[in-house]
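Structure, as structure tokens:
A short reminder: the numbers here are calculations on the coordinates, not readings from a lab. A quick note: this is a predicted structure, and the numbers were derived from the prediction, not measured. Cβ atoms come from the backbone with ideal geometry, glycine included; neighbour counts cover every protein chain shown.
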Amino acid sequence: MRHAYPFRRQIRKGAADSRVCEGHPPVAGHDALLLQRFLLARRRRDEAAARAAWSELVELNFDRVATLVRLESRGRLSAEERDDAVQRALVTMLTRFMDTFRGTSMGEWVSATRTLVHFACVDTQRRAAAVSGRTEELTDDAEAEVADERDPLLERGAAFLDWALPQLAERRREVIELDLQELTTEEIQERLGVSRDVVYAARSRALKDLAKLREEFEA
Amino acid sequence: MSTVDDILGEFIDAWKAGERPDLDAFLERVPAAERDGLAAGVAAWLHIAPTPEHPPAARAAISAEPAMQAARRAAEALRPPLPESLPVLRERAGLGVRDVAARLAERFGLADRDRTVAYLERLERGDLDAGRLSRRLVDALSETLGGVRIALPSPPAPAAPSQAFFRADDEAEDWIVQDIDALSRAALASAPAPMDELDRLFLGGPDG
């Protein structure tokens, strides 16, 4: 089943813009359904159901966490330290993050996860430095200060794509929107009537644009 | 089209298919000078990527990941003990001690609500050994507090095997006399009142 990514689904609420989503009912993805199940259970104060949904959501995102840790720690953490950072992030996600998350969309959840992974890597670096006596600069002071006041709830994940996507060139935006609807590359090719190379190139450029826009958005 | 576009595209295709692409393997496929570019593309993707629907084998592999299992164990161990968590859970459920006592009384047909309140207060103060709570009570508390899973503390370690008795030394005689005195006093004392349902719930142990 193909469906609109919940991030986009939320963005589209009231936007009356269905440029490339025509023909795709806005059904929430399995991750968004789990998040909804968690939010409902938490509202009902059904702790067991909330914990079960949350744990499943964390587990489904194991690869996202592990890969973000790898990206965050390239050249700075050993393989063992990376494993430690992954575990540190997961423990926080399974405990404190579950209690403090106040978002309602997967976009916010992913954004908060990204922040949490960053701080897990910083913590791991600090501990490794303390143990080994490493003295090289691991994080800048500003980052270290932020680390002490971490609050992933302040993330504005849900708003980013809403703001950023309209700024992309048309082809790039179309490819990303179809990616977010979980269409395969072949389906995107078919939908847009373009070759695989065009999809790959548009996607790659769109992601570069989004990375730059994110810096601007978060500045 | 550059190699980076191609390999990034393949990474994303593998991600969307739930194939759990290995970042390092993809990074190794591009020249060193282009790895940062590929890493930036993957990072940008992961910031917006839908969570893939993994095939069953991949899902099982994720569950079996040592880091995932260790994190689950660590998260479980971080849960506070019952005396600490009970007031928090109760307040989160919007209930006072008397409310909880009333629900327990209703469920178990307990006549003395004040004693039930007193037991609950002792439990929250940590004056009551949580290991003596009955499973029935723990289940009822879990349900009353909104389905929260309350775990009974681990049972105590089994008693060490008894040791052989040897002939007592002379100086042990006093101890024996004291022990016999104590046993005699206990035998003469009136028996404590039998446990009622409320006592069994709070003091009767897991099977009480």
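In table form, for the structure just shown:
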| item | result |
| --- | --- |
| Under 5 Å, built H, 5+ apart or other chain: amide partners of B:Leu133 | B:Gly205 |
| Between segment B:75-139 and segment A:58-72, the Cα center-to-center distance that results, in Å | 38 |
| Residues B:Asp207 and B:Ser184, FRET efficiency given R0 of 35 Å [Cβ-Cβ distance, rounded to 0.05] | 0.65 |
| Label-to-label distance, nm, for residues given as A:Gln36 and B:Ala17 (7 Å Cα→Cβ offset) | 2.9 |
| Relative packing of peptides B:45-53, B:179-187, A:199-207, B:31-39 - highest average C-beta neighbours within 10 Å first | A:199-207, B:45-53, B:31-39, B:179-187 |
| Length released on extending from B:Asp139 to B:Arg98, taking residue separation times 0.36 nm less the Cα-Cα span | 13.0 nm |
| Alpha-carbon centroids, segment B:188-208 and segment A:184-219: separation in whole Å | 70 |
| Volume of the Cα convex hull of segment B:18-76, divided per residue and given in Å³ | 117 |
| Average partner coverage of A:76-89, which counts Cβ from other chains inside 10 Å | 2 |
| Computed [θ] at 222 nm, deg cm²/dmol, chain B (DSSP H ≥ 4; -39,500 (n - 2.57); rounded to nearest 500) | -18000 deg cm²/dmol |
| Spin-label model distance (nm) - B:Glu76 vs B:Ala191, 7 Å beyond Cα toward Cβ | 4.1 |
| Label-point separation, B:Asp127 to B:Glu173 (7 Å along Cα→Cβ), nm | 4.5 |
| Peptide B:5-15, shielding by other chains (average Cβ, 10 Å cutoff) | 5 |
